[in-house]
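The structure under discussion appears below in the form of structure tokens.
The values are calculated or read from the model by the stated rules, or taken from the named source; none is laboratory data. What you are looking at is a predicted structure, and each value in this text was computed from that prediction instead of being measured. Neighbour counts run over all protein chains shown; Cβ positions are idealised from the backbone, glycine included.
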């Protein structure tokens, strides 16, 4: 920051030193006339100079030039008169011209433009530098085609004209006595000389020359009968006709350029290079073709004197040229061509235009002369020394002058100025990368006034505008135009300056020079310090590293010019002389030289010409030796590095945006710069999608292989196993139907069932448990009695087991009934009802945005260090100093009454910036929005995705919605227009008959998200686009989604159902138990009867067997007894 004690430096006692700096014209022959055809040439034999007037080029001309053949330089002849047709001659071509040595004036006769044919005479007086209308007597009629010559006869000057009348097509000859300015028409004896020849004027050519008191007038035509030579004796004014004999093999002749009489031979040179020659004869001219020919230009202007001719311009290879040639005609067979001024393409001389540098080349735009405003764009190559007219596409500014201009990177800014309709206040940007004009339309309602001569300074993304002149006079206001949102901001009124020059110092101080003051203005503190200086008014100012150089300008009294070079800011300021003054010139500091184009014309005494006539000058002022033997250093301009006291242009892949450096800065990996002379980091473009650059200082990007993926600004290829895009999030849609509420006591029910099963197993396995468990038998009256016994109520082990089973089933059934009828007895009915019909205020809610910026080039997270001034820390914030967004992120919230909100940023995988915005206790009003603006010198994104989450007070349910914007290959989201996401919010209203509760319970989010991509630009438009915007609109509906909750079944019905179910289950188990016991009794009875029968049968069989054995034994004994006696 420059705010120190400044001393007032008054250049009162300066030493005027002999200038040692180099001043040279480009080209060395000075800037010449523009390319044209049908101009007029005259030769002054006394000082060997050639005069050129008018002609037809891109437009008609009325300029007058002088070429000195000795020094071989063009000189533009300024004009003090400025009224066409009264004080000056006006624009015309194909005019007759001659120079009067006696009076030092150049006279022009006739000519034509697109609408008229003239026969007047104007003379340009060299002493007064003005055109004078010369009144003549017996003015000739209008001639369609004519030839002319200027000659002296008997000590008097004459000017002869011979041509065809536009009314009668007849040949007419006039001679002007220059002393009396009286025209004399030579009578024609058509019956004897011309013999009623009918001329086809479109196919007839006429020439004229003077020889010893005789005018020779050859006439050529496609009709043989219309070809002859008129011989006019000036002493007797007698006329003779001689035949024209041309070789038959020539056919039709092209247009003739010159007629010369050398060594008693007439020599005619035609456009095609054809040369015809003939000797003098009163009866016939026999023309012979020379074997040699030389290249000539079509429709060129030729003037001959004795044995040499001068040829200017014309058409060569279908292109208008402005070369000047000198032909030495030795004889009809030997002609030598000398190029005095080679064809040189250059802009039209002008004033109030500008010059700047892009890619090491000089560009020039706009300006005006005394009648015309320009909006052409030119580029000058300093190495080749050539101008090239640019033809950019797009929307160019209107032709204008006195506008403000500046360059940053590849962007050339134009603001305001004056055109034929008045003052302007519009903005245009020329993109030097893709050669396109862009019109920047402001969105502000309050704009700077329309004005001219304002100065601008481009510090992207801001353009500063100061001063100038509007309809009310000098302006004092300082404005800032923000390219991020295309709006103006008035900064402050400083001081009225009619034509200021503005410079930037240390990116925070604006230096304004104009009038008699230097103003140091702080853009941060909005304060100024003024220093008084004494320098020429409207000087060309060059900003060096430590001082300033003032070149040219008007004197202190606004009278004469000041052809001086002065310094400001040194301990000992110096003043040097210039070879010529500079005022209203366009100039640019390049390397260590000042290139100057055109400017206001001036007289020999350095006074301005009042007719706004520009000086056709293109010069180079080398300042390399300006500081020799002085305590200063001449700095290299932007885009150059200083090496061994010389300036070296920054090569491709590098840049330097400050004055004087030792080494140019390379572009970072992932970026490239294909041009040399880079002056800004904005000229380092990100590699397009599908390419990459792995090293710094790349001048081109490498192509990514098909197996890999390379997003924008890739440093290295990424394998395709990684998804190139942000994954789509799963979202929860709004369900407009009844939701099932699960039975919460199933674990208890399962525990009871498991306990009953375990108890049953214990009873079976442990005998003692059997006696105890029979006490829980509740089906005692269902037991069957044995047949023959008394009926009685009893408990047994089987009833106990059935009781346990009944309890388990009862618990299960009760759980089912509770889940289906008691716990889920609430019924939801949803409908859309206007909020005006509902009671209560809409409640506050919590919501969150998750925003993902794909391929974000910079760091979105702010790094906190111990020296930063930390803001208020929320005690509920778990990470108070982490993931804060950097200072280039601006948050704008509208239509939301918030209790607490915060925005966080986080860089995540694949150069994605994750932005989190949370709002707690927030009230959403109608047409609410959250807008995030990112304003950086290097910012863009290739895709944006947004996930919105709203919390709800009803059952702690959250609703979400997700949407994304992706653009095609080759473009990025960057520009003033934000990308819009429109979410529709439906207020949720809750009304419950079960809890006597009613009110709003947050919002539902419609899944139909409307998106609108923001400004989509190719990477070539990044030099003047510095903004990425995300606008999230929350459109709240006027209808609310009402959830009405009521009982589905009455409690008495549910209780009756439960009692009936348990009673029926009890009877079922009791009846089942009774039937089971009856079945068991019957089965036991059958088993007893069968067993008794079998027992009896077995007993009988045993008894029978026993008796049988006894009988056998007895019989055996008897037999033995019977046998024994016999023995």
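Yes/no matrix, rows are residues, columns are (1) over 19 Å from residue 346 (Cβ atoms); (2) in contact (Cβ under 8 Å) with a residue 40 or more places away in the chain:
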{"position": "288", "(1), (2)": "yes, yes"}
{"position": "293", "(1), (2)": "yes, no"}
{"position": "296", "(1), (2)": "yes, no"}
{"position": "305", "(1), (2)": "yes, yes"}
{"position": "310", "(1), (2)": "yes, yes"}
{"position": "317", "(1), (2)": "no, no"}
{"position": "322", "(1), (2)": "no, yes"}
{"position": "325", "(1), (2)": "no, no"}
{"position": "328", "(1), (2)": "yes, no"}
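Looking at the stretch 231-244, can you tell me whether even one residue there is touching a helix residue (DSSP H, G or I) at 6+ places or on another chain (Cβ under 6 Å) and either in contact (Cβ under 8 Å) with a residue 60 or more places away in the chain or closer than 15 Å to residue 215 by Cα (or both)? The answer is yes; a qualifying residue exists.
Taking the condition out of contact with any helix residue (DSSP H, G or I) (no Cβ under 8 Å at 6 or more places or on another chain), modelled with pLDDT under 80 and not in a strand (DSSP E or B), does residue 836 pass? Criteria met by residue 836. Exactly one residue among 395, 430 is within 21 Å of the chain's Cα centre (by Cα), surrounded by fewer than 23 Cβ atoms within 10 Å (Cβ to Cβ) and touching a residue at least 40 places away in the same chain (Cβ under 8 Å), and that residue is 395. Right, residue 997: over 30 Å from residue 429 (Cβ atoms), out of contact with any helix residue (DSSP H, G or I) (no Cβ under 8 Å at 6 or more places or on another chain), in contact (Cβ under 8 Å) with a residue 24 or more places away in the chain and in the same structural domain as residue 937 (by TED's automatic domain parsing) or not? Spelling it out, it is not the case that residue 997 is over 30 Å from residue 429 (Cβ atoms), out of contact with any helix residue (DSSP H, G or I) (no Cβ under 8 Å at 6 or more places or on another chain), in contact (Cβ under 8 Å) with a residue 24 or more places away in the chain and in the same structural domain as residue 937 (by TED's automatic domain parsing). Is it true that some residue in the stretch 88-101 is surrounded by fewer than 22 Cβ atoms within 10 Å (Cβ to Cβ), in a strand (DSSP E or B) and modelled with pLDDT under 90? Scanning the stretch 88-101 turns up no residue that is surrounded by fewer than 22 Cβ atoms within 10 Å (Cβ to Cβ), in a strand (DSSP E or B) and modelled with pLDDT under 90.
Looking across the stretch 378-392 at every residue that is surrounded by fewer than 22 Cβ atoms within 10 Å (Cβ to Cβ) and touching a strand residue (DSSP E or B) at 6+ places or on another chain (Cβ under 6 Å), the one that is farthest from residue 592 (Cα to Cα) is identified as 392. Filtering the stretch 463-479 to residues that are surrounded by fewer than 18 Cβ atoms within 10 Å (Cβ to Cβ) and assigned to a strand (DSSP E or B) leaves 473, 476.
Reported count of residues in the stretch 684-713, each being more than 24 Å from the chain's Cα centre (by Cα), surrounded by 15 or more Cβ atoms within 10 Å (Cβ to Cβ) and assigned to a loop (DSSP other than H, G, I, E, B), is 2. The residues in the stretch 352-386 that are touching a residue at least 12 places away in the same chain (Cβ under 8 Å), part of a loop (DSSP other than H, G, I, E, B) and more than 27 Å from residue 78 (Cα to Cα) can be counted, and the count is 3.
Could you go through the stretch 435-443 and let me know if any residue there is assigned to a loop (DSSP other than H, G, I, E, B), in contact with a strand residue (DSSP E or B) (Cβ under 8 Å, 6 or more places away or on another chain), crowded, with 23+ Cβ neighbours inside 10 Å and at positive phi. Checked the stretch 435-443: no residue is assigned to a loop (DSSP other than H, G, I, E, B), in contact with a strand residue (DSSP E or B) (Cβ under 8 Å, 6 or more places away or on another chain), crowded, with 23+ Cβ neighbours inside 10 Å and at positive phi.
Collect the residues in the stretch 356-374 that are surrounded by fewer than 22 Cβ atoms within 10 Å (Cβ to Cβ) and under 21 Å from residue 601 (Cα atoms), keeping them in residue-number order. The answer is 369, 370, 371, 372, 373, 374. Scanning the stretch 208-225 for any residue that is without any contact (Cβ under 8 Å) to a residue 12 or more places away in the chain, surrounded by fewer than 18 Cβ atoms within 10 Å (Cβ to Cβ) and part of a helix (DSSP H, G or I) turns up at least one such residue.
Scanning the stretch 306-343 for residues that are touching a strand residue (DSSP E or B) at 6+ places or on another chain (Cβ under 8 Å) and assigned to a loop (DSSP other than H, G, I, E, B) yields 306, 307, 313, 314, 321, 322, 323, 332, 343.
Given the criteria at pLDDT below 95 and within 24 Å of the chain's Cα centre (by Cα), does residue 390 qualify? Answer is yes for this residue.
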